[in-house]
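As structure tokens, the structure follows; a few thoughts come after it.
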Amino acid sequence: MSGFLNKLKDKALSSAGLEDKATDALTKVLGSGVGQAGVEKLIQQFDSVGLGDKARSWVGPGPAQSLTTEELQRVLTSDQAKLIASCTGLPLAPLLPVLAKVLPVAIEKMAKKDKDGDKIAVA
């Protein structure tokens, strides 16, 4: 049983490392816009593929919608995908599910908070 637990622990640590790499890569990709400007630019990118409402859920009132790997593939440009892969040193395919998980959190953190700490809505 300890072998199973060790494998489970190693997988969890590996996944955490992958999430860190993915988050760092997203920061670089999104770094072209800062704060609210970066959020608005990204939402426009989501709008262009019909997913703007989903992206707005991460910065607006109400529950945040999850992002699927397939949706993320529709949103990312070729240059963004290449940059993410080069920043992590890993192929994009195993990163996509992790990126789909951390992108909504990263966008929510980028969005400015109003004085009450509530998420702001982006037009």
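Odds and ends about this structure:
- Residues considered: V75, V102, V49. Of these, the only one that is at pLDDT 90 or above and open to solvent by less than 20 Å² (accessible area, probe 1.4 Å) is V75.
- Restricting the search to helices (runs of 4 or more DSSP H) fully inside segment 50-104 and requiring at least 1 residues that are within 13 Å of A22 (Cβ to Cβ) gives 69-75, 78-88.
- Filter pass, K82 being under 13 Å from the mean Cα position of the chain (by Cα) and of a type in the set (K, R): no
The values are calculated or read from the model by the stated rules, or taken from the named source; none is laboratory data. Computed from a prediction, not measured in an experiment: that's the story for all the values here. Here the Cβ is made from the backbone with ideal geometry for all residues, glycine too, and neighbour counts use every protein chain on show. Surface areas here come from the heavy atoms of the whole protein model, side chains and all, with no ligands, DNA or RNA. Shrake-Rupley method; radii C 1.70, N 1.55, O 1.52, S 1.80 Å.
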